[in-house]
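Have a look at the structure below, then the notes.
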Amino acid sequence: MVGYKFMGKAHSHAYKDVGMFFDLEAPVVMKAICGRDEQGVKEAADKFGWESYETDWKKLVARDDIDFIDINAPSDAHKEIALAAIAAGKHVFCEKPLALNLADAREMLDAAEKAGVKHAICFNYRFLPAVQLAKQIIESGKLGEIHHYRATYLQDWLVDPESPLAWRLKKEVAGSGTHGDLNAHSIDLARFLIGEFDRVVGHSRTFVKQRPIPSSTSGLSGKGTSEMGEVTVDDATGFLADFKNGAMGVFIATRFAAGRKNHNTFEIHGSKGTLRWDLERLNELEVYFREDEPELAGFRTILATDPSHKYAGNWWPAGHIIGYEHGFVHIVYEFLQHMANGSPFAPTFLDGVRCQEVLEAVDLSIERGKWVGIEEV
Ligand code: SOE
């Protein structure tokens, strides 16, 4: 694994737990974790349960006791590490967004397909039981024809102008701001649930243009130094979309929504009813069906913890809820099985590319000030 911070911890936890709750075709052996700071990566290796550590990812990729590489370092590192891992014949699991731009993402997909290695992108929210249930309801036809898809991904860690200039605020490292970080998730969920985008038109803002340079100990919200640096990404990006199936979409991602910590939601209106989901209440799916008796009709909340709900039965008895980290366990489970026995798997690098096409079409629409078809990028 390359990376040992927030996502490194989430992924390590998944590899550690997965064999305890799921039956695996082949066991996971956590061989080595890699990071540039020796002290930091050594501590992470001990704490997260890795057998060894490396400080140079090139050494990690060259090791012949490793079958697959998990990349969760900042976005600017994805492509180079993925291409090297693929060239060494390793399977690859990569954090989102796949790359800094569409051309790089396409290059990564092409390399993985040519080499015949297995590849995955970590769109973890697909793998929550309530989201799986939403997909099942849509596929069964119970929602009818889809008219509207509305997604928000709202956070508030930048509303404080003193919040430091983290790597996520530098274009050369992150590719974009809320767009690639948060809209990427919303775009993937929309594709997963209702299908492909046709065209988009967006707008974006950088509300605070300069921020304090972080100190060595600043996290996302810790104090920075007195020196200021330029913010080169969007603080908020919204867009409208038309889907290929005729549905209309509205998307907004921001880090300036005071009080909203990780408010990833979708609401879907079909000819027969409505579905609503909110990550901050991730076990619940709100449903409304028009076919219900008029005097009993109304929104109800399904608690997706019954053994009949996908993945829920692998954990606890019904009603014993699960959390954010479980989505990572589920995606890792599916990818491990895919590598071991070729069972079907998505999202792959192809989904990473499809997502990046939408991201890039939105950027182009902002530049041109008009709608852009996905096939134009
Ligand atoms: C930070 O904005 C972040 O951790 C994202 O990078 C994740 O992908 C998202 O799931 C939560 O917020």
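Here, each number is a calculation from the coordinates, and none is a lab measurement. Fair warning: this is a prediction, and the values are worked out from it, not measured in the lab. Neighbour counts run over all protein chains shown; Cβ positions are idealised from the backbone, glycine included.
Restricting to Cα pairs below 8 Å that are 6+ residues apart, what does the relative contact order work out to for region 277-320? Please round to a whole percent. Write down the numbers at each step before the final one.
On the way: 50 pairs, mean separation 12.3, N = 44.
Computed value for region 277-320: 28 percent relative contact order.
Taking θ as phi - 60°, what are the ³J(HN,Hα) couplings along region 88-97 by the Karplus curve (6.51, -1.76, 1.60), each to the nearest whole Hz, with x for Gly and Pro?
Rounded to whole hertz, the list is 8, x, 8, 6, 10, 10, 10, 5, 8, x.
Grab the DSSP H runs of the chain that are 4 residues or longer, score each as -39,500 (n - 2.57), total them, divide by all residues and round the 222 nm result to the nearest 500 deg cm²/dmol.
Working: 10 runs with 122 residues, N = 377.
Counting only the DSSP helices, I get -10000 deg cm²/dmol.
Within straight cross-link reach of Lys244, meaning Cα distance under 25 Å, which lysines are found once same-chain residues fewer than 8 apart are removed?
Leaving aside lysines fewer than 8 places away in the same chain, those within reach of Lys244 are Lys96, Lys135, Lys142, Lys272, Lys370.
Could you give the nm distance between label points at Glu145 and Lys47, where each point is 7 Å from its Cα heading toward the beta carbon?
Taking the simple label geometry, Glu145 and Lys47 are separated by 5.4 nm.
Extending each Cα 7 Å along its Cβ direction at Asp292 and Ala340, get the distance between those two points in nm, one decimal.
4.1
Just rank Asp70, Asp56, fewest to most, by other beta-carbon atoms within 10 angstrom.
Numbers: Asp70 27, Asp56 11.
Fewest-to-most Cβ neighbours within 10 Å comes out as Asp56, Asp70.
List the lysines whose alpha-carbon lies under 22 Å from that of Lys59, not counting same-chain residues fewer than 8 positions away?
Lys5, Lys9, Lys31, Lys42, Lys47, Lys79, Lys90, Lys118
Restricting attention to the alpha-carbon atoms of the chain, what are Rg (one decimal) and Dmax (integer), both in Å?
Expressed in Å, the Cα Rg and Dmax of the chain come to 20.8, 66.
Along Cα→Cβ, 7 Å out, is where each label goes; now give me the distance between the ones at Ala318 and Ser226 in nm to one decimal.
With each label point 7 Å from Cα toward Cβ, the separation is 6.3 nm.
Normalised by the residues of the chain, what does the relative contact order come to in percent, with Cα pairs under 8 Å and at least six apart? Intermediate results must be reported in sequence, preceding the final value.
Numbers: 816 pairs, mean separation 77.5, N = 377.
Answer for the chain is 21 percent.
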